Amino acid sequence: MKKWINWVIPLVVVFVLLSYGFTTKEVKVPETLKVTEPLAVDYPKQEVTRYDIMTIVPPFLGTSFIGFREALAFKESQGNYFTTNTLGYLGKYQFGIGTLQLMGVYNATRFLNDPELQEEAFQTNIARNKWILRKDIARFQGKRLGGIKVTESGILAAAHLAGPGNVKKYLRSYGALDFEDSYGTNMKHYMRKFSGYDVSHVSPIRNPKVPNK
(Lines give C-alpha, C1' and ligand atoms only; values in the text may rest on other atoms or scores of the structure.)
Protein backbone atom coordinates (compact mmCIF):
# COMPACT_ATOMS: atom_id res chain seq x y z
CA MET A 1 0.00 0.00 0.00
CA LYS A 2 2.76 2.40 0.96
CA LYS A 3 4.61 1.72 -2.30
CA TRP A 4 1.42 2.36 -4.32
CA ILE A 5 0.91 5.77 -2.66
CA ASN A 6 4.54 6.72 -3.40
CA TRP A 7 3.84 6.16 -7.12
CA VAL A 8 0.41 7.77 -7.28
CA ILE A 9 1.17 11.07 -5.56
CA PRO A 10 3.93 12.17 -8.03
CA LEU A 11 1.66 11.25 -10.97
CA VAL A 12 -1.16 13.38 -9.55
CA VAL A 13 1.19 16.37 -9.10
CA VAL A 14 2.45 16.06 -12.68
CA PHE A 15 -1.11 15.83 -14.02
CA VAL A 16 -2.18 18.97 -12.14
CA LEU A 17 0.84 20.97 -13.37
CA LEU A 18 0.29 19.90 -16.97
CA SER A 19 -3.36 20.84 -16.82
CA TYR A 20 -2.43 24.41 -15.79
CA GLY A 21 0.14 24.62 -18.56
CA PHE A 22 -2.34 23.86 -21.35
CA THR A 23 -5.21 26.03 -20.17
CA THR A 24 -5.63 29.61 -21.34
CA LYS A 25 -7.44 32.45 -19.73
CA GLU A 26 -9.00 35.21 -21.79
CA VAL A 27 -7.70 38.67 -20.91
CA LYS A 28 -9.81 41.68 -21.83
CA VAL A 29 -7.84 44.77 -23.00
CA PRO A 30 -9.41 48.14 -22.12
CA GLU A 31 -10.55 50.14 -25.14
CA THR A 32 -8.26 53.05 -24.19
CA LEU A 33 -5.19 50.83 -24.51
CA LYS A 34 -6.03 49.30 -27.89
CA VAL A 35 -3.92 50.43 -30.89
CA THR A 36 -6.13 51.14 -33.89
CA GLU A 37 -3.64 52.98 -36.16
CA PRO A 38 0.15 53.19 -36.71
CA LEU A 39 2.06 55.30 -34.20
CA ALA A 40 4.95 57.65 -34.99
CA VAL A 41 8.08 56.35 -33.31
CA ASP A 42 11.00 58.64 -32.51
CA TYR A 43 14.37 56.95 -32.83
CA PRO A 44 17.99 58.16 -33.15
CA LYS A 45 19.08 58.72 -36.72
CA GLN A 46 22.70 57.89 -35.85
CA GLU A 47 24.11 56.05 -32.91
CA VAL A 48 26.01 58.38 -30.58
CA THR A 49 28.79 56.87 -28.56
CA ARG A 50 30.84 58.22 -25.69
CA TYR A 51 33.76 58.52 -28.12
CA ASP A 52 31.72 60.80 -30.39
CA ILE A 53 30.89 63.07 -27.46
CA MET A 54 34.44 63.28 -26.11
CA THR A 55 36.26 63.61 -29.43
CA ILE A 56 36.10 66.53 -31.85
CA VAL A 57 37.27 65.66 -35.33
CA PRO A 58 38.34 68.29 -37.86
CA PRO A 59 36.86 68.20 -41.36
CA PHE A 60 38.86 65.99 -43.74
CA LEU A 61 39.79 68.00 -46.82
CA GLY A 62 42.62 65.89 -48.14
CA THR A 63 46.18 67.06 -48.68
CA SER A 64 45.33 70.23 -50.61
CA PHE A 65 46.27 73.69 -49.38
CA ILE A 66 42.72 74.09 -48.03
CA GLY A 67 43.19 70.85 -46.12
CA PHE A 68 46.47 72.16 -44.71
CA ARG A 69 44.93 75.49 -43.75
CA GLU A 70 41.90 74.00 -42.04
CA ALA A 71 43.86 71.27 -40.24
CA LEU A 72 46.28 73.90 -38.89
CA ALA A 73 43.39 76.14 -37.85
CA PHE A 74 41.71 73.24 -36.07
CA LYS A 75 44.90 72.52 -34.14
CA GLU A 76 45.28 76.17 -33.19
CA SER A 77 41.70 77.06 -32.20
CA GLN A 78 39.33 74.33 -33.40
CA GLY A 79 38.58 76.73 -36.25
CA ASN A 80 37.13 79.49 -34.06
CA TYR A 81 37.55 82.97 -35.55
CA PHE A 82 36.49 84.76 -32.37
CA THR A 83 38.66 83.19 -29.68
CA THR A 84 41.62 84.53 -27.73
CA ASN A 85 43.83 82.17 -25.78
CA THR A 86 45.35 82.73 -22.33
CA LEU A 87 48.49 84.25 -23.86
CA GLY A 88 46.58 86.75 -25.99
CA TYR A 89 46.89 85.01 -29.35
CA LEU A 90 43.99 85.87 -31.61
CA GLY A 91 41.47 84.18 -33.86
CA LYS A 92 41.23 81.09 -35.97
CA TYR A 93 44.99 80.85 -36.57
CA GLN A 94 46.09 82.24 -33.19
CA PHE A 95 48.20 85.18 -34.39
CA GLY A 96 50.27 87.26 -32.02
CA ILE A 97 49.92 91.01 -32.34
CA GLY A 98 53.62 91.34 -33.21
CA THR A 99 53.25 89.09 -36.25
CA LEU A 100 50.12 90.96 -37.33
CA GLN A 101 51.94 94.28 -37.16
CA LEU A 102 54.65 92.91 -39.46
CA MET A 103 51.90 92.41 -42.04
CA GLY A 104 50.33 95.82 -41.51
CA VAL A 105 47.46 94.85 -39.19
CA TYR A 106 47.33 97.03 -36.05
CA ASN A 107 43.75 96.86 -34.82
CA ALA A 108 43.40 93.66 -32.76
CA THR A 109 39.68 94.14 -32.11
CA ARG A 110 38.88 94.56 -35.77
CA PHE A 111 41.06 91.58 -36.64
CA LEU A 112 39.31 89.34 -34.11
CA ASN A 113 35.87 90.25 -35.49
CA ASP A 114 36.71 90.01 -39.19
CA PRO A 115 37.03 86.43 -40.54
CA GLU A 116 37.93 87.68 -44.02
CA LEU A 117 40.82 89.69 -42.60
CA GLN A 118 42.02 86.64 -40.67
CA GLU A 119 42.09 84.54 -43.85
CA GLU A 120 44.02 87.25 -45.68
CA ALA A 121 46.50 87.45 -42.81
CA PHE A 122 47.05 83.69 -42.88
CA GLN A 123 47.69 83.71 -46.63
CA THR A 124 50.06 86.66 -46.27
CA ASN A 125 51.98 85.08 -43.40
CA ILE A 126 52.44 81.79 -45.25
CA ALA A 127 53.90 83.70 -48.24
CA ARG A 128 56.20 85.64 -45.90
CA ASN A 129 57.45 82.52 -44.12
CA LYS A 130 58.00 80.73 -47.41
CA TRP A 131 60.22 83.58 -48.58
CA ILE A 132 62.28 83.60 -45.38
CA LEU A 133 62.67 79.80 -45.43
CA ARG A 134 63.00 79.29 -49.18
CA LYS A 135 66.66 78.18 -49.01
CA ASP A 136 66.03 75.86 -46.05
CA ILE A 137 63.04 74.31 -47.83
CA ALA A 138 65.23 73.59 -50.86
CA ARG A 139 68.02 72.19 -48.68
CA PHE A 140 66.12 70.02 -46.23
CA GLN A 141 62.92 68.94 -48.02
CA GLY A 142 62.84 65.16 -48.34
CA LYS A 143 65.48 64.54 -45.67
CA ARG A 144 64.82 62.90 -42.32
CA LEU A 145 65.50 64.62 -39.00
CA GLY A 146 64.93 62.67 -35.81
CA GLY A 147 62.92 60.05 -37.68
CA ILE A 148 60.64 62.63 -39.32
CA LYS A 149 60.57 63.28 -43.04
CA VAL A 150 60.94 66.99 -43.71
CA THR A 151 58.31 68.43 -46.05
CA GLU A 152 57.51 71.93 -47.19
CA SER A 153 54.14 71.92 -45.42
CA GLY A 154 55.72 70.65 -42.20
CA ILE A 155 58.27 73.47 -42.32
CA LEU A 156 55.58 76.11 -42.90
CA ALA A 157 53.41 74.71 -40.11
CA ALA A 158 56.38 74.80 -37.71
CA ALA A 159 57.03 78.39 -38.77
CA HIS A 160 53.44 79.26 -37.92
CA LEU A 161 53.98 77.81 -34.46
CA ALA A 162 57.43 79.13 -33.64
CA GLY A 163 58.38 81.69 -36.27
CA PRO A 164 60.71 81.19 -39.26
CA GLY A 165 63.83 82.07 -37.26
CA ASN A 166 63.32 79.17 -34.87
CA VAL A 167 62.61 76.82 -37.76
CA LYS A 168 65.97 77.75 -39.29
CA LYS A 169 67.68 76.89 -35.99
CA TYR A 170 65.83 73.59 -35.82
CA LEU A 171 66.72 72.54 -39.35
CA ARG A 172 70.33 73.73 -39.32
CA SER A 173 70.95 71.95 -35.99
CA TYR A 174 69.39 68.80 -37.49
CA GLY A 175 66.64 68.82 -34.89
CA ALA A 176 68.84 69.50 -31.84
CA LEU A 177 67.47 73.01 -31.22
CA ASP A 178 63.73 72.61 -30.90
CA PHE A 179 61.20 75.19 -29.74
CA GLU A 180 58.32 74.48 -27.36
CA ASP A 181 55.45 76.87 -26.78
CA SER A 182 53.82 77.60 -23.43
CA TYR A 183 51.39 74.71 -23.89
CA GLY A 184 54.14 72.15 -24.46
CA THR A 185 53.85 71.83 -28.27
CA ASN A 186 57.12 71.72 -30.18
CA MET A 187 58.20 72.10 -33.79
CA LYS A 188 58.96 68.40 -34.15
CA HIS A 189 55.31 67.66 -33.46
CA TYR A 190 54.15 70.16 -36.08
CA MET A 191 56.68 68.90 -38.62
CA ARG A 192 55.22 65.40 -38.24
CA LYS A 193 51.54 66.34 -37.91
CA PHE A 194 51.42 68.61 -40.97
CA SER A 195 53.72 66.64 -43.23
CA GLY A 196 52.78 65.97 -46.84
CA TYR A 197 50.27 68.70 -47.69
CA ASP A 198 50.48 70.40 -51.08
CA VAL A 199 51.44 74.03 -50.51
CA SER A 200 53.34 74.37 -53.77
CA HIS A 201 51.03 77.05 -55.20
CA VAL A 202 51.90 79.49 -52.39
CA SER A 203 54.33 82.03 -53.80
CA PRO A 204 57.13 83.26 -51.53
CA ILE A 205 56.87 87.03 -51.06
CA ARG A 206 59.36 89.30 -49.35
CA ASN A 207 57.77 91.52 -46.67
CA PRO A 208 54.15 91.09 -47.85
CA LYS A 209 51.35 93.19 -46.37
CA VAL A 210 47.69 92.38 -45.91
CA PRO A 211 45.98 94.37 -48.70
CA ASN A 212 44.17 97.59 -47.75
CA LYS A 213 44.36 96.98 -43.99
Cβ-Cβ under 6 Å pairs, at least 6 apart or on other chains, segment 83-94 side within 14 Å of residue 115 (Cα to Cα), far side assigned to a loop (DSSP other than H, G, I, E, B) and aromatic (Phe, Trp, Tyr): 91/81; 92/81
All positions within segment 139-149 that are among the aliphatic types (A, V, I, L, M) and touching a Ser or Thr at 6+ places or on another chain (Cβ under 8 Å): 148
Residue match in segment 134-154 (condition: closer than 16 Å to residue 76 by Cβ and surrounded by 13 or more Cβ atoms within 10 Å (Cβ to Cβ)): yes
Segment 138-163, residues that are charged (D, E, K, R) and free of Cβ contacts under 8 Å to residues at least 24 places away in the same chain: 143, 144
Counted residues, segment 160-177 - those being at pLDDT below 95 and charged (D, E, K, R): 0
Options 202, 150, 105: the member that is of a type in the set (Val, Ile, Thr), in contact with a helix residue (DSSP H, G or I) (Cβ under 9 Å, 6 or more places away or on another chain) and farther than 28 Å from residue 83 by Cβ: 150
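Conditions (1) modelled with pLDDT under 55; (2) hydroxyl-bearing (Ser, Thr, Tyr), marked per residue:
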{"position": "39", "(1), (2)": "yes, no"}
{"position": "45", "(1), (2)": "yes, no"}
{"position": "79", "(1), (2)": "no, no"}
{"position": "85", "(1), (2)": "no, no"}
{"position": "93", "(1), (2)": "no, yes"}
{"position": "98", "(1), (2)": "no, no"}
{"position": "108", "(1), (2)": "no, no"}
Matching entry among 174, 190, 170 (being among the aromatic types (Phe, Trp, Tyr) and closer than 18 Å to residue 70 by Cα): 190
Subset tally (residues that are touching a residue at least 40 places away in the same chain (Cβ under 8 Å), assigned to a loop (DSSP other than H, G, I, E, B) and not hydrophobic (A, V, I, L, M, F, W, C)) for segment 164-209: 13
Subset of segment 93-110 (residues that are buried (at least 21 other Cβ atoms within 10 Å of the Cβ) and part of a helix (DSSP H, G or I)): 100
Out of 197, 183, 170, sole residue that is under 20 Å from residue 123 (Cα atoms) and aromatic (Phe, Trp, Tyr): 197
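The values are calculated or read from the model by the stated rules, or taken from the named source; none is laboratory data. Since the model is a prediction, treat every value here as computed from it, not as a measurement. Reconstructed Cβ throughout: ideal geometry from the backbone, glycine too, with neighbour counts over all protein chains shown.
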